[in-house]
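Chemist: Sharing a structure below in structure tokens format, with a few things to ask.
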Amino acid sequence: MALFEELFGPYPFAEYVVVVADEELDVPVEAQGLSLFGVNHVDGARGAERLVAHELAHQWFGNSVTIADWRHIWLNEGLAKYAEWLWSERSGGRDAQELAAVAHRLLASQPQDLKLADPGRKLMFDDRLYERGGLVVHAVRRALGDDAFFRMLRAWATVHRHGVVSTQTFTAHVERYAHGPVDELFEAWLYGTRLPALPTAVA
């Protein structure tokens, strides 16, 4: 919570409740101000820590900053996925570049038929959407550089707090922090289906 408040701005609700069900769950779930985990997610060995980070991040990205419709689901899941990578990076785990490389290798081995900006009903919760969404955010970070990226990210969660957004809202927001055009980046990652190269260059 302390890290995410530093990165994303103040926690957007009055409280945060975590419920651990007395059974195993396939995946945790969240709602406004609440996350539900299974006993299998709390193993005392940090085995599911990325999921704890993911669900907490949804309080900013999904529950406070809400998408206009399901076409834009990558905004919720991509930003929460990237929050996992930021938590890992800041808590002594692998850094975001390493995790992006893992995600990129995984996606490269799978079908290239997902258009992130409008995945359709069948693919909107496909695992590839989460990974590619995280990679978009990482590509933005590499294009902007860390200083501008983290200012952009905090402003996104603050300016649109308890608001409704779309992919176009996000791309316009990013443009305000970019040193140059980012149209090609978004065209390739959001509107194309072929996997772009792993983002490595830092602005």
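The values are calculated or read from the model by the stated rules, or taken from the named source; none is laboratory data. All of these numbers come straight from a predicted model, not from anything done at the bench. Glycine also receives a Cβ, built like all others from the backbone with ideal geometry; neighbour counts cover every protein chain displayed. The protein model used for the area step is the full one, side chains on, heavy atoms only, and it has no ligands, DNA or RNA in it. Shrake-Rupley method; radii C 1.70, N 1.55, O 1.52, S 1.80 Å.
Chemist: Being under 11 Å from the mean Cα position of the chain (by Cα), among the aliphatic types (A, V, I, L, M) and within 22 Å of Val20 (Cα to Cα) is the filter here; which residues of the stretch 51-77 pass it? Outline the logic, then answer.
Modeler: Of the residues in the stretch 51-77, the ones under 11 Å from the mean Cα position of the chain (by Cα) are 53-55, 57-58, 60-62, 73-77.
In the following step, the residues that additionally are among the aliphatic types (A, V, I, L, M) were identified as 53, 57, 73, 75.
Within the stretch 51-77, Ala53, Ala57 meet the criteria.
Chemist: Just wondering, is there one or more residues in the stretch 130-148 that are under 20 Å from Glu84 (Cα atoms) and at pLDDT below 95?
Modeler: no
Chemist: Let me ask something additional. Would you check which residues across the stretch 99-139 are of a type in the set (Gly, Ala, Ser), out of contact with any Pro (no Cβ under 6 Å at 6 or more places or on another chain) and open to solvent by less than 30 Å² (accessible area, probe 1.4 Å) and list them? Steps first, please.
Modeler: Going residue by residue through the stretch 99-139, those that are of a type in the set (Gly, Ala, Ser) are 100-101, 103, 108-109, 117, 120, 133-134, 139.
Within this subset, residues satisfying the condition of being out of contact with any Pro (no Cβ under 6 Å at 6 or more places or on another chain) are 100-101, 103, 108-109, 117, 120, 133-134.
Those that are of a type in the set (Gly, Ala, Ser), out of contact with any Pro (no Cβ under 6 Å at 6 or more places or on another chain) and open to solvent by less than 30 Å² (accessible area, probe 1.4 Å): Ala100, Ala101, Ala103, Ala117, Gly133, Gly134.
Chemist: Say whether the condition of being farther than 22 Å from Met152 by Cα, open to solvent by less than 60 Å² (accessible area, probe 1.4 Å), free of Cβ contacts under 8 Å to residues at least 24 places away in the same chain and touching a helix residue (DSSP H, G or I) at 6+ places or on another chain (Cβ under 9 Å) is met by at least one residue in the stretch 63-77.
Modeler: no
Chemist: Do we have Arg90 as open to solvent by 60 Å² or more (accessible area, probe 1.4 Å) and within 22 Å of Leu7 (Cα to Cα) here? Even if it seems obvious, please write down each step before you answer.
Modeler: Values: open to solvent by 60 Å² or more (accessible area, probe 1.4 Å): yes; within 22 Å of Leu7 (Cα to Cα): yes.
Considered against the rule, which asks whether it is open to solvent by 60 Å² or more (accessible area, probe 1.4 Å) and within 22 Å of Leu7 (Cα to Cα), Arg90 comes out as yes.
Chemist: List every residue pair whose Cβ atoms lie under 6 Å apart, where the two residues are 6 or more positions apart in sequence or sit on different chains, the first residue falls within the stretch 92-104 and is under 11 Å from Tyr82 (Cα atoms), and the second residue, located anywhere, is of a type outside the set (Val, Ile, Thr) and part of a loop (DSSP other than H, G, I, E, B).
Modeler: Cβ pairs passing all conditions: none.
Chemist: Looking at the stretch 191-201, can you tell me whether even one residue there is surrounded by fewer than 21 Cβ atoms within 10 Å (Cβ to Cβ), under 25 Å from Arg50 (Cβ atoms), out of contact with any Leu (no Cβ under 9 Å at 6 or more places or on another chain) and in contact (Cβ under 8 Å) with a residue 40 or more places away in the chain?
Modeler: yes
Chemist: Being open to solvent by 20 Å² or more (accessible area, probe 1.4 Å), of a type in the set (A, V, I, L, M, F, W, C) and in contact (Cβ under 8 Å) with a residue 24 or more places away in the chain is the filter here, so list the residues in the stretch 140-186 that pass it.
Modeler: Of everything in the stretch 140-186, those that are open to solvent by 20 Å² or more (accessible area, probe 1.4 Å), of a type in the set (A, V, I, L, M, F, W, C) and in contact (Cβ under 8 Å) with a residue 24 or more places away in the chain turn out to be Ala143, Phe150, Val164, Ala178, Leu185.
Chemist: With the requirement that a residue be closer than 23 Å to Gly133 by Cα, open to solvent by 50 Å² or more (accessible area, probe 1.4 Å) and of a type outside the set (A, V, I, L, M), what does the stretch 18-48 give you?
Modeler: Asp26, Glu30, Gln32, Gly47
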